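The values are calculated or read from the model by the stated rules, or taken from the named source; none is laboratory data. On a predicted model such as this, the values are computed, not experimentally measured, just so you know. Ideal geometry is used to build each Cβ from the backbone, glycine not excepted, and the neighbour counts take in all protein chains shown. Note: areas computed on protein heavy atoms with side chains; ligands, DNA, RNA excluded. Shrake-Rupley method; radii C 1.70, N 1.55, O 1.52, S 1.80 Å.
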Amino acid sequence: MTSILGIETSCDETGVAVFDTRRGLLSEALFSQIALHAEHGGVVPELASRDHVRRLSGLVEQALAEAGVERTDVIAYTAGPGLVGALMVGAAFATGLATAWNVGVIPVHHMEGHLLAPLMSGQAPAFPFVALLVSGGHTLLVQVDGIGRYSLLGQTRDDAVGEAFDKTAKLLGLGYPGGPAVARLAMAGDPARFRLPRPMLDKPGLDFSFSGLKTAVYLLAQDEPDAQADIARAFEEAVVETLATKCARALEAAGCRDLLIAGGVAANTRLREALSALPGIRLHTPPLALCTDNGAMIAYAGALRLGDAIAAPTAMHARARWPLDTLAPPAGLT
Ligand code: KG4
Ligand code: ZN
């Protein structure tokens, strides 16, 4: 039995959790910086770093108290990819606390955290499966053959899907974060009124491109300033159809039926509907609270990578860029 403290600070959420390999998730504490960044219309990296500094120790105390423990056997923290200043706050805190407690640390890949989170609630398929990871910073189609055995099938060449939602929200005068706001407005929109391009659907391959779609939204919003809801709907339809079509192709290429979706955009209802309607597919969706950034997914990824723990950490790890397919299986696992 091993207890793990998980620390997530890669972007605009300070997430902390305690996970126990026998008893499961013991506690969770989360502070979202949304209100802090909302007035700037997007995440301001320096403000994010400073707020992680402010919140982290209080959240850790809260999570430990709720779990009924004074310390854990190991500390897992998000080491990347993400905003480097924000990552460094979590890395420094985790490394310092681990030194004080005399325990090891596990630097966790943020996207692996998203990817493995559904396993925690028993909602993931058996390996191999295909995963669609869609967040504010990433759009990845990955073939998952095991923990740390990831092949990249496709990725975005420019904007991430969540970023496209956020930028569209800005163009339509909606608040930050854009995803939920655009999705809400789109519900009232007419899907037949406008048709926006489906980027890269006519090309072979599984890569995505969303920056052209953003320009199309911009031009349409200029021409039709009173059609906000219909534009939001047209945008969502274009994104959802593009993602669904590529997912179908990815499953065919990988020769499997199981698709797992994770990351913030996986909370999108229309996307879930469209994916579950694909013929022959078995769709696996994590609970909404596990889709967006949280500490539990980092603690859990740490639990699956105990073999990678660094016993007496002397260095901290913070990588703004860190390709998912460079990960290896956990030590001791083949
Ligand atoms: O995974 P996440 O919480 O943070 C990152 O690692 O980026 O994802 C946040 C992204 C934001 O771009 C947000 O607008 C988007 O997920 N998002 C949504 C929805 N909820 C969150 N996009 C579309 N529909 C939603 N319901
Ligand atoms: Zn994320």
Across segment 247-267, which residue is surrounded by the most Cβ atoms within 10 Å (Cβ to Cβ) among those that are of a type outside the set (Gly, Ala, Ser) and within 14 Å of residue 291 (Cβ to Cβ)? 265
Among helices (runs of 4 or more DSSP H) entirely within segment 234-331, at least 2 residues that are touching a residue at least 24 places away in the same chain (Cβ under 8 Å), of a type in the set (Gly, Ala, Ser) and under 20 Å from residue 109 (Cβ atoms) occur in 296-304
Quick one: in segment 138-171, of everything that is out of contact with any Ser or Thr (no Cβ under 7 Å at 6 or more places or on another chain) and in a loop (DSSP other than H, G, I, E, B), which residue is nearest to ligand 2 (Cβ to nearest atom)? 138
Taking the residues in segment 128-137 that are within 13 Å of ligand 2 (Cβ to nearest atom) and either in contact with a strand residue (DSSP E or B) (Cβ under 7 Å, 6 or more places away or on another chain) or in a strand (DSSP E or B) (or both) as candidates, determine which candidate is nearest to residue 212 (Cα to Cα). 134
Within segment 44-65, how many residues turn out to be of a type in the set (Asp, Glu) and open to solvent by 40 Å² or more (accessible area, probe 1.4 Å)? 2
May I ask you to verify whether residue 288 is surrounded by fewer than 17 Cβ atoms within 10 Å (Cβ to Cβ), within 16 Å of ligand 2 (Cβ to nearest atom) and closer than 21 Å to residue 186 by Cα? yes
Inside segment 1-40, can you point out the residues that are more than 16 Å from ligand 1 (Cβ to nearest atom) and either within 16 Å of residue 109 (Cα to Cα) or among the basic types (Lys, Arg) (or both)? 4, 5, 22, 23
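Condition check ((1) within 16 Å of ligand 1 (Cβ to nearest atom); (2) open to solvent by less than 60 Å² (accessible area, probe 1.4 Å); (3) at positive phi) across all residues:
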site: 269; (1), (2), (3): yes, no, no
site: 279; (1), (2), (3): no, no, no
site: 282; (1), (2), (3): no, no, no
site: 302; (1), (2), (3): no, yes, no
site: 313; (1), (2), (3): no, yes, no
site: 316; (1), (2), (3): no, no, no
Candidate set: segment 99-119, residues that are more than 16 Å from ligand 1 (Cβ to nearest atom) and among the aliphatic types (A, V, I, L, M); chosen: the one most open to solvent (accessible area, probe 1.4 Å): 100
Going by the structure shown, is residue 91 buried (at least 24 other Cβ atoms within 10 Å of the Cβ) and more than 14 Å from ligand 2 (Cβ to nearest atom)? yes
Note down all Cβ pairs under 9 Å where the first residue falls in segment 108-137 and is more than 17 Å from residue 271 (Cβ to Cβ) and small (Gly, Ala, Ser), the second is open to solvent by 40 Å² or more (accessible area, probe 1.4 Å) and in a helix (DSSP H, G or I), and they're at least six residues apart or on different chains. 137/163
Residue 174 meets each of (1) in contact with a helix residue (DSSP H, G or I) (Cβ under 9 Å, 6 or more places away or on another chain); (2) open to solvent by 40 Å² or more (accessible area, probe 1.4 Å); (3) aliphatic (A, V, I, L, M); (4) not in a loop (DSSP other than H, G, I, E, B) with one exception, condition (4)
